[in-house]
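A short worksheet on the structure shown next.
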2 protein chains.
Amino acid sequence: MKRSPEARLLPRLRVMRGSTILLGPGKADLLEAIGRLGTIRDAATELGLSYMRAWNLVQTMNDGFREPLVIVHRGGPTRGGAELTATGHAALTLYRELESEAVDATKKTWTKLRKLFRDT
Amino acid sequence: MKRSPEARLLPRLRVMRGSTILLGPGKADLLEAIGRLGTIRDAATELGLSYMRAWNLVQTMNDGFREPLVIVHRGGPTRGGAELTATGHAALTLYRELESEAVDATKKTWTKLRKLFRDT
């Protein structure tokens, strides 16, 4: 008898302004990958996004925040490289804090809800 | 000068089993609408879903829980009507609790993150 995988609770927190997502799970992952890999192209590849899509997500974030979250180096020795600004690091850290706070706060109720699922 | 709308934090909590969403924002809204309106068709219309789509969402929920969340009356005086079972009411209530717990727990960090957004 095939056993179903365990049920999980995923908090997908979205920061919306009007119909624009300023920050959400996908954008947070993109920031993290850019910070780690140092280029938008490599980050896009890792996340399975087109370069254009990743670039548009970065633009949306940069436009929505007081200071850009990502800076792209267009020339010089680091041409093509990208890095998170201090605001970019702060936004990513705060977003991950929101996620873990949401998970921690819901543990008790989640345990109650899980009992209603069909046995796995 | 046009002022942007205020940024909001939306917790979109997803209960996943494998790649199946057992319960999430859309399904919770559907349960709520079925409970209020008494038919899947009226609930679908209110939420802008096709009847088939709403029916499939109900089936996914009914299959994933220990007991069905929604019962459909196929004959008799309430033919075509649908109602939430006790488990359906419990699941919806617990899901709404998860949402409000997530919002409450993130208030402080959310206040910090908001300060990074461009002025509205």
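Using the empirical formula 2.2 N^0.38 Å as the baseline, the Cα radius of gyration of the range B:29-120 reaches a ratio of 1.44. Working value for the protein assembly as shown: equivalent-ellipsoid semi-axes of 40, 19, 18 Å, each the square root of 5 times a Cα gyration tensor eigenvalue, largest first.
For n ≥ 4 DSSP H runs only, could you compute -39500 (n - 2.57) per run for chain B, divide by its residues and tell me the 222 nm figure to the nearest 500?
Working: 5 runs with 63 residues, N = 120.
Only helices count here, giving -16500 deg cm²/dmol.
Residue exposure proxy: A:Lys108, B:Lys27, ordered by other Cβ atoms within 10 angstrom of their Cβ from fewest to most, comes out as A:Lys108, B:Lys27.
For the range B:40-56, the Karplus equation 6.51 cos²θ - 1.76 cosθ + 1.60, evaluated at θ = phi - 60°, returns couplings of 5, 5, 5, 5, 4, 4, 4, 8, x, 9, 6, 4, 4, 5, 5, 4, 5 Hz by residue, with Gly and Pro reported as x. With label points set 7 Å from Cα along Cα→Cβ, the inter-copy distances at A:Ser100 are 2.8 nm, sorted shortest first. Under a 5 Å amide H cut-off, with hydrogens placed 1.01 Å from N, A:Phe65 pairs with B:Arg118 among residues at least 5 apart or on other chains.
What is the Cα convex hull volume of the range B:1-44 when expressed per residue in Å³?
Details: hull volume 6.1 nm³, N = 44.
Here the figure is 140 Å³ per residue.
Each value in this text was obtained by applying a stated rule to the coordinates, not by laboratory testing. No experiment lies behind these values; they were computed from the predicted model shown. Don't worry about glycine lacking a Cβ; one is built from the backbone with ideal geometry, like all the others, and counts go over all protein chains shown.
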